Amino acid sequence: MTVFRYDGGFEGFLCAVGDCLEAGEKQPEFVRDGDVYSSGLFAGDIHEVTTVRETALMLRKRFVNAVSQEAFATARYAFHSQKAGIELLVWRYLTLGLQVGRRVCLMLTEEPVHSVNLIARHVSHEAHKYKGFVRFREVETGFLYARIEPEADILAFIAPHFVGRVGDRRWMIHDLQRNQAALYDLKSWRLVKNIELTAEPTLSATEHDYAALWQRYFQRHAIAERHNPKLQQKHVPLRYRKHLPEFEPDNDSL
């Protein structure tokens, strides 16, 4: 058994899969840079994977030609769930697709297809939810700042959406769970890792007014006779509300 250590990104993982296929490895193990790897009695050799974009694109093209673009997107969504053991599950899905071709899309009740599809749907659903739940705040330096705490690593899926929606301002979407952020500079967006705030961003005076408007809008459009906390919580779960100004008790801080 060979242990393939990669940089933790999806392109790096595709390069690891490519190295695995080239080596003919049947029982690989995948670890990310920075993860603690405990070598047990049956530990294998560690292969350091070099991330090369062209290599990742070649594997993507090979899989898409053999199966479909939709199946590749499914594998990508599942990978970004960051669930324990997801690399091995997605590796099995990719290699199965390369073996049986388009038939893999019909194997919905068989593993690993069933699990990968299930996990991918969950990540896709969360990314879709956050397109409506991201709230930008204007800080004193002039750019827009939003913070989120998603279960999955969804920045790569939602950033292009906000480039189209808020393309006239510089902004940052900060994933507090993973200490990373999507940064947009009016030209393109990029992912920056190891982001840590040394202090709370100071909101502009205008932003305090906007936050108050959010709350006023939310309160005044509510119909008291139709107040249904259970239904409201179903559509806007508590874990999303932490960073929504309309649910905040005051506007003095982010």
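Summary of the geometry: the stretch 45-65 and the stretch 163-185, compared by the centres of their Cα atoms, lie 27 Å apart. Rounded to whole numbers, the Karplus 3J(HN,Hα) couplings from phi for the stretch 70-83 are 5, 5, 5, 4, 4, 4, 5, 4, 4, 4, 6, 5, 6, 5 Hz, using 6.51 cos²θ - 1.76 cosθ + 1.60 with θ = phi - 60°, and x at Gly and Pro.
3J(HN,Hα) along the stretch 101-116, derived from phi through the Karplus expression 6.51 cos²θ - 1.76 cosθ + 1.60 where θ = phi - 60°, amounts to x, 5, 4, 4, 6, 9, 8, 5, 9, 9, 8, x, 4, 4, 5, 4 Hz, with x in place of Gly and Pro.
Taking Cβ atoms as reference points and 12 Å as the exclusive limit, the residues near Phe162 contribute a net charge of +4, counting Lys and Arg as +1 and Asp and Glu as -1. The ellipsoid equivalent to the alpha-carbon distribution of the stretch 122-190 has semi-axes of 19, 13, 10 angstrom, derived from the gyration tensor eigenvalues as √(5λ) and listed largest first.
Counting Lys and Arg as +1 and Asp and Glu as -1 over every other residue whose Cβ lies under 13 Å from the Cβ of Met1, the net charge comes to -2.
Annotation: amide H-H contacts under 5 Å for Arg135 (H modelled 1.01 Å from N, sequence separation of 5 or more, or interchain): Arg147.
So if we plug the beta-carbon distance of Val52 and Asn194 into 1/(1 + (r/R0)^6) with R0 = 22 Å, what FRET efficiency do we get, rounded to 0.05? Each step should come with its number before you reach the end.
Values: r = 22 Å, r/R0 = 1.02.
According to the calculation, E is roughly 0.45.
Summing Lys, Arg as +1 and Asp, Glu as -1, what charge do residues with Cβ under 11 Å from the Cβ of Arg147 carry, Arg147 excluded? Can you show the working numbers first?
Working: positive: Arg135, Arg137, Lys242; negative: Glu149, Asp175, Glu200.
Once all neighbours under 11 Å are counted, the net charge is 0.
Every number in this text was worked out from the coordinates using simple rules, so none of it is lab data. Worth saying up front: this structure is predicted, and the values here are computed from it rather than measured. Cβ sites come from the backbone with ideal geometry, for glycine too, and all protein chains shown count toward neighbours.
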